[in-house]
Amino acid sequence: MIIYLDNCCYNRPFDDQIQERIHLESEAILTVLKMGQMKKVVIAGSEILELEISRMQDIVKKQKVLDLYCVAEMHIPYTEKIRKRSADIMSVSKIRAFDSLHIASAEEANADVLLTTDDKLEKMAEKLKLKTRVLNPLRFAWEVI
């Protein structure tokens, strides 16, 4: 199984863990990353994801995110095909640029699932015909793990 996590997933373990949902999502994400570390799944990353991480202002948090991201063993470069697929996704939905680029990158990786903590993205993606499912990490954990 190939799993692509978007930037909000890599950041979630460093959000305020007092809220139960945030804590549970963090645990699900860390479990998926541990599965990647143990070679039970393949974690896919991308040039788009690396660009988004590089734009983080908080240097300490950025380094923590990069430490988690190093589990990714598949790297999807940004290509014209991804740019076009992203534009297609945006033309038929209200999905924003980075999110559509993540979906296009996940599809290029033949990922089974793209994990996100963005509820709006998950709902909008459900309405589209995508090659990759877009799921909240908790929903993924309930269905798969």
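The values are calculated or read from the model by the stated rules, or taken from the named source; none is laboratory data. All figures in this text were calculated on a predicted structure; none of them were measured in a lab. Quick reminder, even Gly has a Cβ in these numbers, built from the backbone with ideal geometry, and neighbours come from all protein chains shown.
Does S105 satisfy being in contact with a helix residue (DSSP H, G or I) (Cβ under 7 Å, 6 or more places away or on another chain) and either surrounded by 19 or more Cβ atoms within 10 Å (Cβ to Cβ) or among the aromatic types (F, W, Y) (or both)? Spelling it out, S105 is indeed in contact with a helix residue (DSSP H, G or I) (Cβ under 7 Å, 6 or more places away or on another chain) and either surrounded by 19 or more Cβ atoms within 10 Å (Cβ to Cβ) or among the aromatic types (F, W, Y) (or both). Scanning segment 84-138 for residues that are free of Cβ contacts under 8 Å to residues at least 24 places away in the same chain and in a loop (DSSP other than H, G, I, E, B), we see that the one that is nearest to E47 (Cα to Cα) is R96. Residues that are over 17 Å from I89 (Cβ atoms) and either surrounded by 12 or more Cβ atoms within 10 Å (Cβ to Cβ) or at pLDDT 95 or above (or both) within segment 123-144 comprise N136, P137, L138, R139, F140, A141, V144, listed in sequence order. I want to confirm something. Restricting to segment 6-21 and keeping residues that are of a type outside the set (D, E, K, R) and either free of Cβ contacts under 8 Å to residues at least 40 places away in the same chain or touching a Pro at 6+ places or on another chain (Cβ under 8 Å) (or both), which single residue is nearest to W142 (Cα to Cα)? Taking the candidates together, the pick is C9.
Considering the conditions (1) over 16 Å from the mean Cα position of the chain (by Cα); (2) buried (at least 17 other Cβ atoms within 10 Å of the Cβ); (3) acidic (D, E), E80 is excluded by exactly one of them, (2).
So is E73 touching a Gly at 6+ places or on another chain (Cβ under 9 Å) and loosely packed, with under 15 Cβ neighbours inside 10 Å or not? Here the answer is yes, as E73 does meet what is asked. Just a yes or no: is a residue in segment 94-115 on the phi > 0 side of the Ramachandran plot, at pLDDT 95 or above and not small (G, A, S)? Yes - at least one qualifying residue is present in segment 94-115.
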